[in-house]
Amino acid sequence: MQETATLTIGDKKIELPVIIGSEGECAINIQSLRKETGYITMDPGLANTGICKSEITFMDGEKGILRYRGIPVEELAEHSTFAETAYLLVNESLPTKEQFKEFSQLLTDQSLVHEDLKAFYGSFPSRSHPMGILSSMVNALRSFYKELKIHNEEAINITLARLMSKVRTMAVMSYKISRGHTVAYPKPEYCYCTNFLYLLYHSPVREFEINPLLVKALNVFWILHADHEQNCSTSAVRLVGSGRVNLYAAISAGISALWGPLHGGANQAVIEMLCQIQENGGNIRPFIDRAKDRNDPFRLMGFGHRVYKTYDPRAKIIKKICHELLESLEIKDPLLDIAIDLEEAVLKDPYFIDHNLYPNVDFYSGIVLRAMRIPTNMFTVMFALGRMPGWIAQWKEDADNPNWKLYRPRQIYIGSKKRQYVPIDER
């Protein structure tokens, strides 16, 4: 017999079904609430509202757990590649050798972009943010490539490879064109991450050399960002996709949602904050004091998380890679010293501990990207590239759902009551 929750409103009682997830998460199904009572629920920020059932990602904020299709992200970061993780997210299981070979070939085949797309870049003002350009260009892809009609494995993987490869190429194009540099084409002998570094660092006057640690760091960075349950941008993809728009439009919406400093733009905001501290002589104390002042809107970027109430599991992984990278490249970055001092001070401060403000993945990922010579305004684009397979998997899960519904939230109106229109001459 299914467990239920009893809701009492006045003298009326209704039984609401309880949904239990595979990891023991519980939810009260309120689909019949308005019909039976005339009431709706109010949950600003949707922190207590489930919008779907999903088989893709499990996270436990209290225990610091993150798993893709049941596999701990720590294991994927240690043993997998971003391309293999992308396949896992979309296809529900890790690929066989033959399947991965075919998928890798698809990534290579789909890496070129239509030459006419290049003309679009010249139409953007020189100071346009790369995220705005990327969102527009992904939307434009629909004009060049057919919409996905059949959801079989082959069609899905072609679409996954197309978006992953073309968006990677387009992201580098936006950077290269903004600097007036030559845009190279991907090389078939390189893997996905190596090709990105090749495209980024390519120069007609300097031979590209593969640095295995840079490739590993990029793989780990993108694996850690590949999906993260129903966050702001993923929910945007599902919401826009629920209108049965094409996949490119849904992904474009996700990119726009990711742009904000409270979501994907946080890694860029961390670097900008550390630069502020550096300009202040490296003294972290005034910034910590400001963050603890409730009357000051300032906040320490890279600390705390909407869901994690303990140390972000992704932060532990990216922190290790960060130190390996800086040591290998022999980089003496003063921002890293500031970051270490800031982290140590925060982790010892009762205020931050009591408020669960632990370092999150953005705190160290910005330093990793900086060490890889990624321009600061490209940081959020790097996040978007990593989140691409997660967005596609989430969109596909919703599109394949036989109980699909158009997302249509309710509201509580608090405006004026009915009043008469007054002609302009009488106002």
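Which value, in debye to the nearest 20, describes the size of the charge dipole of the chain about its Cα centre when Lys and Arg Cβ atoms bear +1, Asp and Glu Cβ atoms bear -1, and nothing else is charged?
1460
Only Cα pairs under 8 Å and at least 6 apart count here; give the relative contact order of the chain as a rounded whole percent.
Taking the mean separation of contacting Cα pairs over the length of the chain, I get 20 percent.
Charges on Cβ only, +1 for Lys and Arg, -1 for Asp and Glu, centred on the Cα centroid of the chain; of 313, 329, 117, which one is farthest towards the dipole's positive end?
Farthest along the dipole direction, towards plus: 117.
Would you look at the GNM of the chain, springs on alpha carbons closer than 10 Å, and say which of 313, 188, 17 moves the most?
The residue that fluctuates most here is 17.
Return the long-range amide H neighbours of residue 65 (sequence gap of 5 or more, or a different chain), with a cut-off of under 5 Å between placed amide H atoms.
Long-range HN contacts for residue 65: 60.
Once Lys and Arg get +1 and Asp and Glu get -1 on their Cβ, which of 363, 282, 27 lies farthest toward the positive end of the dipole of the chain?
27
Which whole-Hz ³J(HN,Hα) couplings does region 285-298 yield from phi under the Karplus relation 6.51 cos²θ - 1.76 cosθ + 1.60, θ = phi - 60°, glycine and proline marked x?
4, x, 6, 5, 4, 5, 5, 8, 8, 5, 8, 9, x, 4
Does anyone have the angle between helix 379-399 and the longest principal axis of the chain? Alpha-carbon axes, 0 to 90°, nearest 10?
So the helix axis and the longest Cα principal axis differ by about 50 degrees.
Please give the charge dipole size of region 72-262, origin at the Cα centre, charges +1 on K and R Cβ atoms and -1 on D and E Cβ atoms. Round to the nearest 20 debye.
Here the size comes out at about 860 debye.
So, in nm, how far is label residue 116 from label residue 143 when the simple model puts each one 7 Å beyond its Cα toward the Cβ?
0.8
Take the chain, connect every pair of alpha-carbon atoms lying under 10 Å apart with a spring to form a Gaussian network, then pick out the residue of 318, 255, 71 with the largest mean-square fluctuation.
Top of the fluctuation ranking is 71.
Where does helix 266-279 land angle-wise versus the long Cα axis of the chain, in degrees 0 to 90, nearest 10?
60
Counting other Cβ atoms within 10 Å of each Cβ, which chymotrypsin sites (Phe, Trp or Tyr not before Pro) in region 13-80 have at most 16 and sit in a DSSP loop?
For chymotrypsin sites (Phe, Trp or Tyr not before Pro) across region 13-80 that sit outside H, G, I, E and B with at most 16 neighbouring Cβ atoms in 10 Å, the list reads 39.
Would you work out which of 161, 240, 208 lies farthest towards the positive end of the dipole of the chain, given +1 charges on the beta-carbon of Lys and Arg and -1 on that of Asp and Glu, about the Cα centre?
Result: 240, furthest along the dipole toward the positive end.
Going by amide H atoms built from the backbone, whose H comes under 5 Å of the H on residue 211, apart from near neighbours?
Amide H to amide H, under 5 Å and 5 or more residues apart or across chains, residue 211 pairs with nothing.
Considering only 237, 138, 183, give the residue with the highest GNM mean-square fluctuation for the chain, with springs between Cα atoms whenever their separation is below 10 Å.
183
Pop the C-beta distance of residue 102 and residue 53 into the FRET formula with R0 = 45 Å and round what comes out to the nearest 0.05.
Efficiency, rounded to the nearest 0.05: 0.90.
On a full-extension model of 0.36 nm per residue, what is the gain between residue 328 and residue 187, subtracting their alpha-carbon distance, rounded to one decimal in nm?
The residue 328-residue 187 span can extend by a further 48.2 nm.
By how many degrees, 0 to 90 and rounded to 10, does the Cα axis of helix 334-348 deviate from the longest principal axis of the chain?
Between the helix axis and the principal axis of the chain, the angle is about 30 degrees.
List the GluC sites (Glu not before Pro) within region 77-127 that fall in a DSSP loop (any state other than H, G, I, E or B) and whose Cβ has at most 16 other Cβ atoms within 10 Å.
92
Fewest to most neighbouring Cβ within 10 Å: what's the order for 26, 193, 52?
Exposure proxy ranking, most exposed first: 26, 52, 193.
Using a ≥ b ≥ c from the Cα gyration tensor of region 72-262 (square roots of the eigenvalues), is it rounded, prolate or oblate, where a/c under 1.5 gives rounded and otherwise the larger of a/b and b/c decides, a/b for prolate?
rounded
Residue by residue, what Karplus-based ³J(HN,Hα) values in Hz, rounded to whole numbers, does region 324-329 have, using 6.51, -1.76 and 1.60 with θ = phi - 60° and x for Gly and Pro?
4, 5, 5, 5, 5, 7
In region 217-310, what chymotrypsin sites (Phe, Trp or Tyr not before Pro) fall in a loop by DSSP, with at most 14 other Cβ atoms inside 10 Å?
For chymotrypsin sites (Phe, Trp or Tyr not before Pro) across region 217-310 that sit outside H, G, I, E and B with at most 14 neighbouring Cβ atoms in 10 Å, the list reads 298.
No lab work stands behind these numbers, since they all come straight from the coordinates. Everything numeric in this text was worked out from a predicted model, so none of it was measured. Reconstructed Cβ throughout: ideal geometry from the backbone, glycine too, with neighbour counts over all protein chains shown.
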